[in-house]
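J.: Sharing a structure with you now.
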Amino acid sequence: MSYKVKDFAPILKIDSIKKVNFSNISGETTNIYLSESEDKALKKILLGKIKNKSGRFRIDEIDVINKSFVKRKVEFITPDKWVNRFVPIRAILVFSLFFDLNFLKKARINHTDKKYEYLSLVDSKNDVSDLKVRNEVNKAIEKYLKSVADNHKKLNKNLLNQISNINEKKSEAIFEEFPPQIKVIAKAIYDNEFEILFSKKLLKFNQVLFDKINSINDIRDACPCEYNAKRSKNKLLRKKSHLFKFAQTKYIVTKQAKFIAININDIRLKTIKATFQKRELKKQLKFELSKFYKTFNVSKEMSQKVSFEMNNWQKIIEDLFFENSKVENIFILDFVKEETKRLREYVVNKIHNDYHKLIFTVEIEYGNKNEFAALKKHYKKKVKSIFIQSINIINKTTKRLDLNFEWWLKSSFKISSLNIIYAKILKAINMGKKNIIFSDFLHLLTNNDFKTLMKSIEKINEFYPDVSITILHSKLKTLQDLHPKTLIYATIKNEMKRTNVLDLLNEKYQEIFDGELFSSNKLEFTKSNDQLIKIENRLWNIKVSSKIKNGYLLINPFEVETDFIEDKSLPLNIKIIKNSRFNDKNIYCGITTNKARIFFYENKKSYEKDQKLTIYLKNQSVISIINKEEDNA
């Protein structure tokens, strides 16, 4: 989804970072450049390990509560340990899906549906008349469940709207003069309270439905046909008395009861989750309020008034639920009871009229044995366990994202670093995490692995538009696009904010030249007079401090021209050599006559290895001038 950090000032003293402004967008990749001194501090902030003294920090539009909350919402991909490589990847990916409640619910429903469809088909014993009745009974039960569920929704629609409006108005009224995050957290607490109370209502409703549906299997005594057949003087009819047992409802009713049981388990799990989240939100609200009271010296009377208003807010919600529960009890006692009675009568009449009478008149229709055998095989193949369904989803995801490691899924341990990264990405997607952060380790990948990973990230942006990806960089090498105007987040003057590649280089040139551009883009010169310096046997008119006699020019790779610009520029003849330092194909490396390496950016032309050309330096090309004596010292 998204990270939104605005004017975040850490509560702990951090020398390298005083303020953070950062946001990313779902379906896009955001880059952050950071030095080694900033790395640990920024990671702690992004992982929610450091509280905010001021400002806001939101993930998926929710104000960050604590590091546990962040851990559930964010996948932080770091280099693996060797021991992790021996954990079977199939187990990791399969069990990660089991944390997705939506997947579990759908998988269990699908398995139950196909399983009982198959069992019902087998139980019909190729009796076409029986199958027709089963289909009609199944449609009637589904119609009944839909009707009851729709009416239950209508019954609670007004309650939903009422509480939604109350939560909105109360949060505005009570916390009008408070920071926005307090207002948001308070509203989230009572939204959670509503969710918990409403889940209890749903639980009760589903438990009633479960009992009502199971009662359909108790209609065997409602029809006298079985009793009469067993005592009939007709020997042939007595042999067929087992056909009157109302077997048609057995698997159909069990299937629907299983569906309701799955819903009940899902509601219970969501209630536990909401209760846990409410507890966390209350802790965060307490922290935010104490911080606000302390900052603005709020009186004890004022804080007590806020507590009173919040308790009153809670009571209003509980009272509304209590009043609504009276109406719901009437609904269950009258409407649901009456609808169940009608369903039972319909099922009895349907089976009696459309099946029992055919037995008496010997008009039962049987299908072709070979076709029935083929049909059983077809339905049996459709029954897939939750484990098999999870494997199928993983295979579909890997195919969609072009993650070609099927051979690896079959092996017991992991070898390739790229495959380990893929596993962590899939694990995050399977667990429903909408924020993926790559730690600063991409520079350890080979160029081919890096390019492959970037293509996979593009696929994730395309197929998972609700997932945001953030990449931490300590080197420009791992930026795929080094266009001077490419936007990137970086810490400038102890504040992390958005800038572009060119401004980043101008601000952090010392660090970059000491690191990635070590000994490159560094031209030695000697001073001829106050206006001229000698470089590569050429004279260049550029202003140099009178204190410097011999030194070096640090050349900005984004201010090098390949076309002639002006008479005051310095032309240098270079030969293109292989660039192994940067992943952006538009960064070229040339070697001068005096064997100096010059990296430069060019996206309008392309050059081949060993190609000779002339580049032109201008005053803006020089990012810094270094005294040779000081450099040697």
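J.: How compact is region 127-366 by the rule of thumb for globular proteins, expressed as Cα Rg over 2.2 N^0.38 Å?
T.: Values: Rg = 27.3 Å, N = 240, 2.2 N^0.38 = 17.7 Å.
Relative to the 2.2 N^0.38 Å estimate, region 127-366 comes out at 1.54.
J.: Which residue, Asn167, Val148, Val137, has the largest displacement toward the positive end of the dipole of region 127-177 when charges sit on each Cβ (Lys, Arg +1; Asp, Glu -1)?
T.: About the Cα centre, the residue reaching furthest to the positive side is Val137.
J.: Listed here are the pairs Lys53/Lys278; Lys19/Lys67; Lys6/Lys282; Lys71/Lys153; Lys114/Lys369; which of them are more than 25 Å apart at the Cα?
T.: Over 25 Å apart, Cα to Cα: Lys71/Lys153.
J.: What is the distance in Å between the Cα centres of region 257-305 and region 128-203?
T.: The two parts, judged by their Cα centres, are 19 Å apart.
J.: Computed from the coordinates I sent, semi-axes √(5λ) of the Cα gyration tensor in Å equals one of [x] 72, 27, 23; [y] 70, 35, 16; [z] 40, 27, 23. Tell me the label.
T.: [y]
J.: Taking the Cα centroid of region 478-527 and of region 41-83, what is the distance between the two, rounded to the nearest whole Å?
T.: 27 Å
J.: Can you tell me the order of 105-118, 227-240 when each peptide is scored by its average per-residue count of other Cβ atoms within 10 angstrom, highest first?
T.: Numbers: 105-118: 18.2, 227-240: 12.1.
For the peptides 105-118, 227-240, the packing ranking is 105-118, 227-240.
J.: Another question about this same structure. Cut-off under 18 Å on the C-alpha distance; same-chain residues fewer than 8 positions from Lys18 excluded. Which aspartates and glutamates are left, in chain and number order?
T.: Cα-Cα hits under 18 Å: Asp7, Glu36, Glu38, Asp39, Glu495, Glu507.
J.: Follow-up question, since we're still on this one. Which sequence of Ser124, Ser545 reflects their accessible areas, 1.4 Å probe, from the largest down?
T.: Numbers: Ser124 5, Ser545 55 Å².
From most exposed to least exposed: Ser545, Ser124.
J.: Tell me whether region 504-569 comes out rounded, prolate or oblate; compute the Cα gyration tensor, take square roots of the eigenvalues as a ≥ b ≥ c, and use a/c under 1.5 as the rounded threshold. Working shown, then result.
T.: Working: a/c = 2.04, a/b = 1.32, b/c = 1.54.
The shape class here is oblate.
J.: Additional query: Count charges around Glu193 for me, please; just the other residues with Cβ under 12 Å from its Cβ, Lys/Arg as +1, Asp/Glu as -1. Please report the intermediate quantities before stating the final value.
T.: Numbers: positive: Lys170, Lys187, Lys200, Lys278, Arg279, Lys282, Lys315; negative: Asp191, Glu195, Glu318.
It works out to a net charge of +4.
J.: Tally up the carbon and sulfur contribution to the accessible surface of the chain as a whole percent, 1.4 Å probe, everything protein left in place.
T.: Working: 17400 of 33950 Å².
It is 51 percent, rounded to a whole number.
J.: Also: Taking the Cα-to-Cβ direction at Thr614 and at Glu371 and moving 7 Å from each Cα, how far apart do the two end points lie in nm?
T.: Calculated label separation equals 8.7 nm.
J.: With a sphere of radius 10 Å drawn around the Cβ of Asn494, what net charge do the other residues whose Cβ falls strictly inside it have (Lys, Arg +1; Asp, Glu -1)? Each step should come with its number before you reach the end.
T.: Numbers: positive: Lys18, Lys19, Lys493; negative: Asp15, Glu38, Glu495.
Surrounding charge for Asn494 is 0.
J.: If contacts are Cα pairs under 8 angstrom and at least 6 residues apart, what is the relative contact order of region 519-627 in percent? Intermediate values should be presented prior to the final figure.
T.: Values: 224 pairs, mean separation 36.9, N = 109.
Computed over region 519-627, the figure is 34 percent.
J.: Right, something else. Compute the accessible area per residue over the chain, keeping the other protein chains in place, probe 1.4 Å, unit Å².
T.: Per residue, the chain has 54 Å² of solvent-accessible surface.
J.: When only C-alpha pairs under 8 Å and at least 6 residues apart count, what is the relative contact order of the chain, in percent?
T.: Details: 860 pairs, mean separation 132.9, N = 633.
Once divided by the residue count of the chain, the mean separation gives 21 percent.
J.: Which net charge results for the neighbourhood of Gln531, defined as the other residues with beta-carbon distances under 13 angstrom from its beta-carbon, given Lys and Arg at +1 and Asp and Glu at -1? Please report the intermediate quantities before stating the final value.
T.: Numbers: positive: Lys527, Lys534, Lys543, Lys568; negative: Asp530.
Around Gln531, the surrounding residues sum to +3.
J.: Send over the Kirkwood Rh of region 519-627, from the inverse of the averaged 1/r over different Cα pairs, rounded to one decimal Å.
T.: Details: mean 1/r = 0.0702 Å⁻¹.
That comes to 14.3 Å for region 519-627.
J.: Quick one: which of 129-139, 166-176 comes out on top by average Cβ neighbours within 10 Å, and what's the full order, highest first?
T.: 129-139, 166-176
J.: Work out the FRET efficiency for Ser37 and Lys605 from their Cβ-Cβ distance, taking R0 = 41 Å, and round it to the nearest 0.05.
T.: Numbers: r = 38 Å, r/R0 = 0.93.
E between Ser37 and Lys605, to the nearest 0.05, is 0.60.
J.: Further question: What is the dipole size for region 519-627, taken about its Cα centre, with +1 at each Lys and Arg Cβ and -1 at each Asp and Glu Cβ, in debye to the nearest 20? Can you show the working numbers first?
T.: Working: 19 positive and 12 negative charges, 75 e Å.
Dipole magnitude for region 519-627 comes out near 360 debye.
J.: Among the listed pairs Lys273/Lys396; Lys527/Lys575; Lys255/Lys357; Lys527/Lys568, which are separated by more than 21 Å between their Cα atoms? It would help to have the intermediate numbers written out before the result.
T.: Values: Lys273/Lys396 29 Å; Lys527/Lys575 26 Å; Lys255/Lys357 27 Å; Lys527/Lys568 17 Å.
As for pairs spanning more than 21 Å Cα to Cα, those are Lys273/Lys396; Lys527/Lys575; Lys255/Lys357.
J.: Taking the Cα centre of region 297-442 as origin, sum charge times position over the Cβ atoms of Lys and Arg (+1) and Asp and Glu (-1), and report the length of that vector in debye to the nearest 20.
T.: With Lys and Arg at +1 and Asp and Glu at -1, about 1060 debye.
The values are calculated or read from the model by the stated rules, or taken from the named source; none is laboratory data. It should be emphasised that the depicted structure is a prediction, and the values quoted were computed from it without experimental measurement. No Cβ is skipped: glycine too gets one built from the backbone with ideal geometry, and neighbour counts run over all protein chains shown. Ligands, DNA and RNA are stripped out before the accessible areas are found, and what is left, the full protein with its side chains, is counted by its heavy atoms. Shrake-Rupley method; radii C 1.70, N 1.55, O 1.52, S 1.80 Å.
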